[in-house]
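The values are calculated or read from the model by the stated rules, or taken from the named source; none is laboratory data. Everything quoted here is computed from the prediction, not taken from an experiment. Backbone-built Cβ (ideal geometry, glycine too); neighbour counts: all protein chains shown.
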Amino acid sequence: MATTQKVLQYKQPQKSYDVIIVGGGLHGLATAYYLARYHGIKRIAVLERRYIGSGGSGRNTEMVRSNKRAHETLPFYKESLAMWDGLSSELEWNLMVQKKGLLALAHSDGELTSMRMQSDGQRMAGIKIDMLSPAEVKKMVPSLDVSDKPALPVVGAQFHPEGGTVHHDAAVWGFAKTAARLGVDLCTGVEVVGFNTVGEKVTGVKTNVGDISSDRVHVAVGGYSSEIARMLGVKFPVSTIPMQVMTTDVMAPFLDYYVASPRMHWYTQQTLKGDLILGGQLDPFPSWNSYTTWEECSERVAMILQYFPDLAHVRVVRSWSGLCDCTGDSAPVMGPSGIDGLSLDIAWGYYGFKSTPACGKYSAEYIATGLMPEKIKYFGLDRFYNRQRVREVIL
Amino acid sequence: MAFLINCPNCGRRNPYEFRFGGECKQAPGPGADAKAWCDYLYFNENMSGPQDEWWYHNMGCGDWVKVRRNTVTHEITEE
């Protein structure tokens, strides 16, 4: 029988806190949870101007993986992927973690070589990766066309068995519920409009419901970090670009793996419900508008139909988009902001969802100790001035 | 897409004919230090609102066009 009891209570913010987290998405909630649970900080507020999980947290394609390229980031993504396994029991909330495996298709010899180099790097970091032939791919995904028919045929694939999906709304509610139970104040409808600083030190935030004081403020605002930058009078190395996603009719199960083509910018997976999630490319220009377009839908569908011709009768029933704050080097910005007490967790582009647990853990560690944890030391804002940009490629 | 870009050679055209060329920035002068160049190269104003931008008409005349676009509403303000 369904319960009528509220899962969590939203609060009005108090006048002062030990830590204020700006942004009630997954990263903000996870940071609040790890702070409250592992660092013993009790007076924490999460300020969200709309509703919990309204931005990228609930708009991503639920993919979790660690098959990135840059050796600086691989241990971080590997840990994050492993952390999802234990989270359902830790949060006492079913996150529907399904490590079904991720197939990244290659369409040329050059791409295959690039993938092999990438796989070697990943194996060095202890990530399980296999290279597969088209025949092996066909065995795993019988509906995939590996013949010469598509304009760019499948010549091989990279298999990442630990990759998979996690239900994003379940993750939002799991972190929110557990953080609230640990005494974190979740304040929705509270919009930060400015920061109070004394000298080079932050002393609190200005909101639409009045000033709230705190000497530690954490910014985890997903696709909206440039609005924060303008309040602070600085610039961040980001562009805000929407990413569009579509879902189809519900079908009987036929696709066991997450199938992606990094070269042709498409990926698809069949959810537990049975619909396909289609997506894969950022829009060609920046925008702050979560629109969806015919151009994106038709292009993505045309790409996917080359490889899954049997899907020609399937309808796209729904589409949405989310804002991605992308840096030039496909890596986030974490840690110090240049203002004492103000820490950053921004510029997560399209790889923020899978990083949530590790990101929350290390953001919390940074806020609590003031020391940059080893695993995120390459993500600092100063890397753009020190010629230490992360050598990531887009995947 | 619900907006058109006014190309001086081709008239009002679909934005998918263009390639986005970034926001208009002031390049550092010849005596500028490395920090100024890093700011110029990597850091963006990234406005949520009217912003001056470069667009390259790669499927048209091949000219660079300066456009003032509202990044929230996609409204193009005529020069």
If I filter segment B:51-61 for residues that are in contact (Cβ under 8 Å) with a residue 60 or more places away in the chain and polar (S, T, N, Q), do I get at least one hit?
no
For segment A:191-200, state whether one or more residues are in contact with a Lys or Arg (Cβ under 6 Å, 6 or more places away or on another chain), assigned by TED's automatic domain parsing to the domain that holds A:Ala32, more than 25 Å from A:Tyr362 (Cβ to Cβ) and outside any loop (DSSP other than H, G, I, E, B).
yes
Out of the residues in segment A:244-258 that are aliphatic (A, V, I, L, M) and out of contact with any Ser or Thr (no Cβ under 6 Å at 6 or more places or on another chain), which is surrounded by the most Cβ atoms within 10 Å (Cβ to Cβ)?
A:Leu255
For the structure I just gave you, tell me whether A:Asp211 is assigned to a loop (DSSP other than H, G, I, E, B), modelled with pLDDT of 95 or more and charged (D, E, K, R).
no
Looking at this structure, is A:Ile228 in a helix (DSSP H, G or I) and either surrounded by 23 or more Cβ atoms within 10 Å (Cβ to Cβ) or among the hydrophobic types (A, V, I, L, M, F, W, C) (or both)?
yes
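I want to confirm something. Restricting to segment A:114-151 and keeping residues that are polar (S, T, N, Q) and either closer than 29 Å to A:Pro253 by Cβ or touching a helix residue (DSSP H, G or I) at 6+ places or on another chain (Cβ under 8 Å) (or both), which single residue is surrounded by the fewest Cβ atoms within 10 Å (Cβ to Cβ)? Steps first, answer last, please.
Restricting attention to segment A:114-151, the residues satisfying the condition of being polar (S, T, N, Q) are A:114, A:118-119, A:122, A:133, A:143, A:147.
Now restrict to residues that are either closer than 29 Å to A:Pro253 by Cβ or touching a helix residue (DSSP H, G or I) at 6+ places or on another chain (Cβ under 8 Å) (or both): A:119, A:122, A:133, A:143, A:147.
On the way: A:Ser119: 20, A:Gln122: 22, A:Ser133: 13, A:Ser143: 13, A:Ser147: 10.
Among them, the one singled out is A:Ser147.
Please work out if A:Ile241 is within 14 Å of chain B (Cβ to nearest Cβ), part of a strand (DSSP E or B) and either in contact with a Pro (Cβ under 8 Å, 6 or more places away or on another chain) or closer than 17 Å to A:Ala32 by Cα (or both).
yes
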So which strands (runs of 3 or more DSSP E) stay within segment B:18-79 end to end and still have 1 or more residues that are under 22 Å from A:Val234 (Cβ atoms), over 14 Å from the mean Cα position of the chain (by Cα) and within 11 Å of another protein chain (Cβ to nearest Cβ)?
none
Test: residue in segment B:50-72 that is loosely packed, with under 15 Cβ neighbours inside 10 Å, basic (Lys, Arg) and closer than 26 Å to A:Val390 by Cα
no
Scanning for something of a type in the set (A, V, I, L, M) and closer than 29 Å to A:Leu29 by Cα, does segment A:103-111 turn up at least one residue?
no
Complete set of residues in segment A:355-390 that are crowded, with 22+ Cβ neighbours inside 10 Å, part of a helix (DSSP H, G or I), polar (S, T, N, Q) and out of contact with any strand residue (DSSP E or B) (no Cβ under 8 Å at 6 or more places or on another chain)
A:Thr356
When segment A:271-315 is checked residue by residue, the ones that are among the aliphatic types (A, V, I, L, M) and either within 20 Å of A:Lys138 (Cα to Cα) or surrounded by 16 or more Cβ atoms within 10 Å (Cβ to Cβ) (or both) are A:Leu276, A:Ile277, A:Leu278, A:Leu282, A:Val301, A:Met303, A:Ile304, A:Leu305, A:Leu311, A:Ala312, A:Val314
Cβ pairs under 6 Å, 6+ apart or interchain, first in segment A:180-191 and surrounded by fewer than 21 Cβ atoms within 10 Å (Cβ to Cβ), second among the acidic types (Asp, Glu), ordered by first then second residue, are A:Thr188/A:Glu48
In segment A:207-223, is there at least one residue being more than 29 Å from A:Lys354 (Cβ to Cβ) and touching a Leu at 6+ places or on another chain (Cβ under 9 Å)?
yes
